[in-house]
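**Q** Dropping a structure here in structure tokens format, bear with me for questions.
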Amino acid sequence: MKDNHVTLPTDNQEDLNQILRARRAKLAKLRELGVNPYPYRFEVRHRIAEILERFDDVCEKESAAGVGEHFSIAGRIITIRAMGKASFCHLRDDSGQMQLYVKKDIVGERGYEIFHLLDIGDIIGAVGTVFRTHTGEKTLRVQSFELLSKNLYPLPIVKEREDQVFDAFTDKEARYRERHVDLTVNLEVREIFEKRALLLCTLRRFLEERSFLEVETPILQPLYGGALARPFTTEYHALERTFFLRIADELYLKRLLVGGFPKVYEISKVFRNEGMDRSHNPEFTMLEFYEAYTDYHDAMDLTEDMLRECVSKVTGGFVIRYQDAAINFEVAFRRVPFFDLLHELTGEDLLEKSLEELQKIARLHGVEEPAMSDGKIYDELMKTHIFPKLAQPTIVYDYPLSLSPLAKKHRNGARLVERFQVFAGGLELCNAFSELNDPLDQRVRFEAQQRFRVEGDEEAPPIDEDFLRALEYGMPPASGVGIGIDRVTMLLTDQASIREVILFPALRT
RNA sequence: GCGCCCAUAGCUCAACUGGUAGAGCAACUGACUCUUAAUCAGUAGGUUCCAGGUUCGAAUCCUGGUGGGCGUACCA
């Protein structure tokens, strides 16, 4: 599958297949005709979608409105229908596609010869007037055109007729490995990433309007933390030390709260050295924001508003379709305590059970080896039976203490922490809590994690003395929220796989 | 990590119980001044993912490998 084209030696004509040879021959011919196949610039004055829209109500035949006015567009040739003295092709730019009519009488002998040396995939610029063909298609009558970049490697040819698509470029591996081809040929793919950009833009604007400060913290770190995950390591030569790629932004952002910024956020890649599947990519994009003097109830309100705003801006409505389910973001999100959901599942109050009782209940619900801690059992039950079924936007709150070493203990009970997660479409979108700012409690929590670590839990984080010291200076009470941007994008673009919303997803090499 | 499935022309796919690889589109030559999956006539195009093995003979069967898909595990 892989690099059969990459390994083709471009200087040895013998080894090239006939299509590649033909393209190179045309390139040489063009040069003979005095055409630079890779010129420096072209004056693009119009976008195709704007032209099409403008002539939308101009009726059949020669459009009086278009006569005389010249339009200048540039893009890639996606179809060619060549005839002896007049030809058609379609040109696509970022906004849309439009038919071009190239007539020998107009572009001249040499121009028409050059046009015949063009291929699907070439990038050209064209200037002309707009008219409608007999069949009603708005078309550019080309006065002149210019080759802007010669295509030497053939593009997949996707054809359409009456909404039927033929020979679509669908091989997932080829699409991910050659995303530039995917984007060129599959318009709906481009849309996903336009929506992703709009999502990021919306989030930034939302936070900016509320006076949050965008900051950047280290990706390369001497110690990692802020989540439960195995890190990637890298060698820092100058320091002769192993460094880690961050697994979360959390600890550095909290230091900024200590430092006096009351509202901060960061949007960035984080890296977790774990397997990949349709909702996990080893590097992914997180938004984390922290607001001083607020608790997790405030954060719930803010997060709910934020998500609703994103849905509205990106999809244009409040009800979205995700994998055949209608998800409504207009109404208030359901808010339900973690242990209420477990009660619904098991009919028992799991918070009151001993470890033995918990293990028994876990077995009843299909957990194979429940020899783990109470927290892991709760987590397992929720992950297998509850979370995937949370289709409508749901805020699950008040989590067991042992699962959340960075969250503040619940004001009403010592065995819970003030934490919540937001789910929709069965996807976990956000994780948030009232941030633990008691440095002595934080040390106790780290030490507990340290014990898990010694027992072999590779995801338990190490003790971060620098962070503990920072807390000792005093961090204001605060709430913090982490949002998985990729997951939200999946939801808003109705994609089942995270790879569809990451331009260059991780692949084996 | 484990299980199941997949890999054939530039793209999308075919090839029965093993018999020596084929189609549409794309490409090339020619014709054609309103075509649109353009049409018509003709031509060419393959390391059947890789390496071994079985066989007179392998795209097909076996072993190993590579890459991918789906499921599962892991995953705040």
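The values are calculated or read from the model by the stated rules, or taken from the named source; none is laboratory data. Since the model is a prediction, treat every value here as computed from it, not as a measurement. As a convention, Cβ positions derive from the backbone with ideal geometry for all residues, glycine included, and neighbour counts pool all protein chains shown. Heavy atoms of the whole protein, side chains included, go into the accessibility calculation; ligands, DNA and RNA do not. Shrake-Rupley method; radii C 1.70, N 1.55, O 1.52, S 1.80 Å.
**Q** Going by the conditions given, is A:F333 of a type outside the set (V, I, T), over 29 Å from A:G225 (Cα atoms) and in contact with a strand residue (DSSP E or B) (Cβ under 8 Å, 6 or more places away or on another chain)? Walk me through it before giving the result.
**A** Working: of a type outside the set (V, I, T): yes; over 29 Å from A:G225 (Cα atoms): yes; in contact with a strand residue (DSSP E or B) (Cβ under 8 Å, 6 or more places away or on another chain): yes.
Here the answer is yes, as A:F333 does meet what is asked.
**Q** Counting only residues that are within 10 Å of RNA strand B (Cβ to nearest atom) and in contact with an Asp or Glu (Cβ under 9 Å, 6 or more places away or on another chain), how many does the range A:425-443 have?
**A** Of the residues in that region, 1 qualify.
**Q** Report, by residue number, each residue of the range A:114-140 that is of a type in the set (V, I, T), in a loop (DSSP other than H, G, I, E, B) and more than 13 Å from A:H90 (Cβ to Cβ). Lay out the reasoning, then the answer.
**A** The initial filter retains those residues of the range A:114-140 that are of a type in the set (V, I, T), namely A:114, A:120, A:123-124, A:127, A:129-130, A:133, A:135, A:139.
Pick out the ones that are also in a loop (DSSP other than H, G, I, E, B) and you get A:120, A:133, A:135.
Across the range A:114-140, the qualifying residue is only A:T135.
**Q** Can you confirm whether the range A:477-489 contains a residue that is outside any strand (DSSP E or B), of a type outside the set (G, A, S) and out of contact with any strand residue (DSSP E or B) (no Cβ under 8 Å at 6 or more places or on another chain)?
**A** Taking the range A:477-489 and keeping what is outside any strand (DSSP E or B), we get A:477, A:485-489.
Those still in the list that are of a type outside the set (G, A, S) too: A:477, A:485-489.
Filter once more, keeping what is out of contact with any strand residue (DSSP E or B) (no Cβ under 8 Å at 6 or more places or on another chain): A:489.
Looking for residues that are outside any strand (DSSP E or B), of a type outside the set (G, A, S) and out of contact with any strand residue (DSSP E or B) (no Cβ under 8 Å at 6 or more places or on another chain), one finds at least one in the range A:477-489, hence yes.
**Q** If you take the residues of the range A:448-465 that are of a type in the set (D, E, K, R), assigned to a helix (DSSP H, G or I) and under 21 Å from A:Q221 (Cβ atoms), which of them is farthest from RNA strand B (Cβ to nearest atom)? Explain how you work it out, then say what you get.
**A** Kept after step one, since they are of a type in the set (D, E, K, R), are these residues of the range A:448-465: A:451, A:453, A:455, A:457-459, A:464-465.
Within this subset, residues satisfying the condition of being assigned to a helix (DSSP H, G or I) are A:451, A:453, A:465.
When the remaining residues are screened for being under 21 Å from A:Q221 (Cβ atoms), the result is A:453, A:465.
Details: A:R453: 13, A:E465: 18 Å.
Residue satisfying both the conditions and the ranking: A:E465.
**Q** Another question about this same structure. Collect the residues in the range A:465-484 that are aliphatic (A, V, I, L, M) and more than 22 Å from A:H297 (Cα to Cα), keeping them in residue-number order. Spell out how you get there, then give the answer.
**A** Taking the range A:465-484 as the starting set, the residues that turn out to be aliphatic (A, V, I, L, M) are A:468, A:470-471, A:475, A:478, A:481, A:483.
The answer is A:L468, A:A470, A:L471.
**Q** With respect to A:T202, determine if the residue is open to solvent by 20 Å² or more (accessible area, probe 1.4 Å), of a type in the set (V, I, T) and more than 11 Å from RNA strand B (Cβ to nearest atom). Can you show your working first?
**A** Numbers: open to solvent by 20 Å² or more (accessible area, probe 1.4 Å): no; of a type in the set (V, I, T): yes; more than 11 Å from RNA strand B (Cβ to nearest atom): yes.
The answer is no for A:T202.
**Q** Tell me whether the range A:206-221 contains one or more residues that are of a type in the set (A, V, I, L, M) and part of a helix (DSSP H, G or I). Break it down into steps so the answer makes sense when it comes.
**A** As a first pass, look at the range A:206-221 and keep what is of a type in the set (A, V, I, L, M): A:207, A:213, A:215, A:219-220.
Applying the additional criterion that residues be part of a helix (DSSP H, G or I) yields A:207.
Scanning the range A:206-221 turns up at least one residue that is of a type in the set (A, V, I, L, M) and part of a helix (DSSP H, G or I).
**Q** With A:R308, A:R335, A:R255 as the choices, which residue is open to solvent by 10 Å² or more (accessible area, probe 1.4 Å), within 19 Å of the chain's Cα centre (by Cα) and of a type in the set (D, E, K, R)?
**A** Values: A:R335 fails: within 19 Å of the chain's Cα centre (by Cα); A:R255 fails: within 19 Å of the chain's Cα centre (by Cα).
After ruling out the rest, the residue left standing is A:R308.
**Q** Something else: Could you check the range A:166-193 and list, in sequence order, the residues that are more than 7 Å from RNA strand B (Cβ to nearest atom) and loosely packed, with under 12 Cβ neighbours inside 10 Å? Write out each step before concluding.
**A** Initially, the range A:166-193 is screened for residues more than 7 Å from RNA strand B (Cβ to nearest atom), giving A:175, A:177-193.
Result: A:H180, A:E188, A:E191.
**Q** Quick check on this structure: which one of A:L287, A:L307 is in contact with a Gly (Cβ under 9 Å, 6 or more places away or on another chain) and either free of Cβ contacts under 8 Å to residues at least 60 places away in the same chain or assigned by TED's automatic domain parsing to the domain that holds A:E266 (or both)? Spell out how you get there, then give the answer.
**A** Values: A:L307 fails: in contact with a Gly (Cβ under 9 Å, 6 or more places away or on another chain).
Just one listed residue meets the conditions, A:L287.
**Q** Go through (1) assigned to a helix (DSSP H, G or I); (2) in the same structural domain as A:L471 (by TED's automatic domain parsing); (3) closer than 29 Å to A:A496 by Cα; (4) not polar (S, T, N, Q) and name the single condition A:C430 misses.
**A** Of the numbered conditions (1) assigned to a helix (DSSP H, G or I); (2) in the same structural domain as A:L471 (by TED's automatic domain parsing); (3) closer than 29 Å to A:A496 by Cα; (4) not polar (S, T, N, Q), the odd one out for A:C430 is (1).
**Q** Is it the case that A:E435 is charged (D, E, K, R) and open to solvent by 50 Å² or more (accessible area, probe 1.4 Å)?
**A** So A:E435 fails the test.
**Q** Somewhere in the range A:127-144, is a residue farther than 19 Å from A:R54 by Cα, surrounded by fewer than 16 Cβ atoms within 10 Å (Cβ to Cβ) and either modelled with pLDDT of 95 or more or not assigned by TED's automatic domain parsing to the domain that holds A:L30 (or both)?
**A** Scanning the range A:127-144 turns up at least one residue that is farther than 19 Å from A:R54 by Cα, surrounded by fewer than 16 Cβ atoms within 10 Å (Cβ to Cβ) and either modelled with pLDDT of 95 or more or not assigned by TED's automatic domain parsing to the domain that holds A:L30 (or both).
**Q** Now for a different question. Identify all residues within the range A:310-330 that are in contact (Cβ under 8 Å) with a residue 40 or more places away in the chain, assigned to a loop (DSSP other than H, G, I, E, B) and touching a strand residue (DSSP E or B) at 6+ places or on another chain (Cβ under 8 Å); write none if there are none. Before the answer, list the steps.
**A** Here is the first cut: in the range A:310-330, the residues in contact (Cβ under 8 Å) with a residue 40 or more places away in the chain are A:310-311, A:313-315, A:320-323, A:325, A:327-329.
Those left that are additionally assigned to a loop (DSSP other than H, G, I, E, B): A:323, A:329.
Listed by number, the list holds a single entry, A:F329.
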